[in-house]
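Accompanying notes for the structure given below.
The values are calculated or read from the model by the stated rules, or taken from the named source; none is laboratory data. Computed from a predicted structure; not experimentally measured. Methodologically, a virtual Cβ is constructed for each residue, glycine included, from the backbone with ideal geometry; neighbour enumeration extends over all protein chains shown. Areas reflect the complete protein model, heavy atoms only, side chains present, ligands, DNA and RNA absent. Shrake-Rupley method; radii C 1.70, N 1.55, O 1.52, S 1.80 Å.
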Amino acid sequence: MGKKDVEVKQFKTESKRLLDLMINSIYTNKEIFLRELISNASDAIDKYHYLSLTNDVLPNKNDYEIDLSFDEKKRTITIKDNGIGMTYDELNDSLGTIAKSGSLEFMEKIKNEKNSEQGDVNIIGQFGVGFYSAFMVANKVEVRTRSLFDESGYLFVSSGEETYELSKIDKEDSGTEITLYLRKNEKIKKDSEDENLSDVEYDYDHFLDEWTLKNLVKQYSDYVRYPIKMEVTKSVLEEGSKDKYIDKKEIETLNSMIPIWKKNKNDVSDEEYNYFYMNKFYDYKNPLLHMIFNVEGKIEYTALLYIPSEAPYNLYSEKYEKGLQLYSKGVFIMDKCKELLPDYLRFVKGIVDSNDLDLNISREMLQKSRDLQIIANNIEKKVVSKLENLLKNERDKYLDFYKAFGINLKFGVYDNFGEKKELLKDLILYKTVNKDDYVSLSEYVNEMKEGQEFIYYASGKSREAVLAMPQMDVIKKKGYDVLILSDDVDEFLMNVLGEYDKKKFKSVNQGDLDLLDKEEEKKIQELAEQKKPMLDAIKEALKGEVDDVILSKRLTDSAVCLVSGDGVSFEMEKVLKSMPNGENSEAKANKILEINPNHELFKALENIYIDNPVELNNYADLLYSQALLMEGFKLKDPVAFSNKMCDLIIKSSK
Ligand code: ADP
Ligand code: MG
């Protein structure tokens, strides 16, 4: 491209749609455009600074700054930085396309959500589309930029329509200058069905004001570590005069530049910490809590950590990147240092600033850095102990946390064969059938009944579902409490934990449940000997389906139930089958059909066995199908089951 040539380029389709969104946005806090552009400027200076520290050829600079200016007549606002700038390709890649996939979809979703016009656009920066927010207030944007690695500068001009224009320009130093041509004040029609939202008049003029801009910088960009300078008018005493004031223009730095984590804790209010969080991590809700600590000693660092109040929409998707922002001596090193957080704390946000890390450290070296590992271990312990405190002292808050993020802790216990189980087991809560509220394992154990040997659990969607399980009969009679397991990982977790406070975990529908007194037990054993031929006949009828047919010690009211042997449980079998490629899973639960010897059905079976042993096959099959259904299994042949039921009804009416 020669000088003066103007190249007209098409925005990528995604970008175009996003631009439309921005241009037609009815969001009320359009002011965040300034924060986004300043944060880009600051990022660009960060990149320059980082290079200059790690690369001998590049001269060190100490005049980093972001200049802010406005022109009332031309209705422009200009943000200028002396950072790294953009090459021709970078301009196209960064401003002509959306780099992060999924960003557009999310922005559109926000737009379509009711009542979202208030705050949600705030999170725009999270999606790598901050630059486009300029079009919320401007009908034309000019970007003048020159990369540190380029001979020439470039001008990018766009009115947010189909195309943008690129041309070569002279620009002396590296850096970027962005000029916004503000829109005329306008009535914005709210395209919402909500009658409460009337059309609003939007006033763009108010941005062309010293006081407004100053305040926006204070509010959103105070902690930016480079000076944000603007020419301001000050009233000063005229020289020689005692009472005559005149206006004087002066360049002022608008931001304090001290990173919030470097300020004295006592000088920073909770609101300020929250504000920093919302701005830095693009959340429109206050965090659930923050923690800040200075660690001194062999390795010194400061950490400012947050737990959000809600899980981000993509926390459990593969695209989610965990990590903390890493600084060394106040110099930004990387955005998401994943080595600093174990997987189960992936939801934690924050920054770590250490004096002991080498700036020159590469990503590969970082992974092996012992210092970083020490910091990471330390952070993990601090977060866990903060959570323990929360559970102890602010239970309601902990419950809010647990509902949002508890599943992560469960995986934390389960992962790596329970490597972290000792650390985390006291943070795990379950609802129970007796309480219908969350209890910790230690609370469960403390309330165990006299003579109760095990910690009982059952998998079920709800308390009602668990209470309705036939396998719960004898436990209900005893009044024992039962943990309600509702997440896929739960039974695996029980297996990994094995026991708590020397009390073993026990599933209500797995293995033996020896809760009868000696006498009752003996009776059932004798009966089982006596009725062995019949039980064997049923077993034979269900050959290949069940592993055993026995008289139940756990049923008191229900007629039959299915339980699994020790090892793989029904729930585990279901979970494993539902995993990718799980269809071929070898893991299979042993199925044991239990029959209640005190139920009328048992007598009926006996009669059938004596009168018409052939018929017993059909009944055995019916019983087994019922038991399967109660356990939530699918029947292999539902039609055959239905036909048998029909035959039975017809027969009984004759
Ligand atoms: P994000 O900052 O999340 O990457 P933006 O839409 O805010 O998304 O910016 C897109 C990209 O444009 C940036 O990543 C950067 O590469 C480039 N960019 C924007 N502003 C500047 C600037 N002032 N200097 C250099 N590069 C910039
Ligand atoms: Mg940005």
- How large is ³J(HN,Hα), in whole Hz, for each residue of region 330-335 in order, when computed from phi with the Karplus curve 6.51 cos²θ - 1.76 cosθ + 1.60 and θ = phi - 60°, using x for Gly and Pro? x, 9, 5, 9, 7, 6
- Which GluC sites (Glu not before Pro) in region 554-589 pass both tests, a DSSP loop state and at most 16 other beta-carbon atoms within 10 Å? Glu586
- region 321-378 and region 155-185: distance between their alpha carbon centers, rounded to Å: 36
- Query: Which net charge results for the neighbourhood of Lys522, defined as the other residues with beta-carbon distances under 13 angstrom from its beta-carbon, given Lys and Arg at +1 and Asp and Glu at -1?
  - Reply: -4
- Relative contact order for the chain, counting Cα pairs under 8 Å that sit 6 or more residues apart, in percent: 8
- Query: How large is the helix-only mean residue ellipticity at 222 nm for the chain, computed as the sum of -39500 (n - 2.57) over DSSP H runs with n ≥ 4, divided by its residue count, in deg cm²/dmol to the nearest 500?
  - Reply: -11000 deg cm²/dmol
- Sort 157-164, 135-142, 264-271 for me by packing, meaning the mean count of neighbouring Cβ atoms within 10 Å per residue, highest on top. 135-142, 157-164, 264-271
- Which percent, nearest 5, of DSSP beta bridges in region 428-507 are antiparallel? 50
- Message: If each residue of separation counts as 0.36 nm, what is the full-extension length gain between Glu443 and Lys392 once their alpha-carbon separation is subtracted?
- Response: 17.2 nm
- Return one whole number: the accessible area per residue of the chain in Å², for a 1.4 Å probe. 51
- Are any of the pairs Lys30/Lys262; Lys349/Lys382; Lys435/Lys553; Lys298/Lys392; Lys298/Lys381 more than 20 Å apart by Cα-Cα distance, and if so, which? Lys30/Lys262; Lys435/Lys553; Lys298/Lys392
- Can you bin region 428-507 into rounded, prolate or oblate? Criterion: square roots of the alpha carbon gyration tensor eigenvalues sorted a ≥ b ≥ c, rounded for a/c under 1.5, prolate for a/b above b/c, oblate for the rest. rounded
- Just tell me which aspartates and glutamates come within less than 13 Å, Cα to Cα, of Lys73; anything on the same chain fewer than 8 places away is out. Asp205, Asp209
- Carbon/sulfur accessible area of the chain, % of total, 1.4 Å probe, equals 47
- Query: Of the trypsin sites (Lys or Arg not before Pro) in region 496-537, which ones lie in a loop per DSSP and count no more than 14 other C-beta atoms within 10 Å?
  - Reply: Lys502
- Message: Which order do the peptides 309-321, 277-289 come out in when sorted by mean C-beta neighbours inside 10 angstrom, highest first?
- Response: 277-289, 309-321
- Message: What's the ranking of 345-354, 541-550, 508-517 by average number of surrounding C-beta atoms within 10 Å, highest first?
- Response: 345-354, 508-517, 541-550
- Net +/- balance of residues flanking Val232 in space, Cβ distance below 9 Å, scoring K and R +1, D and E -1: -1
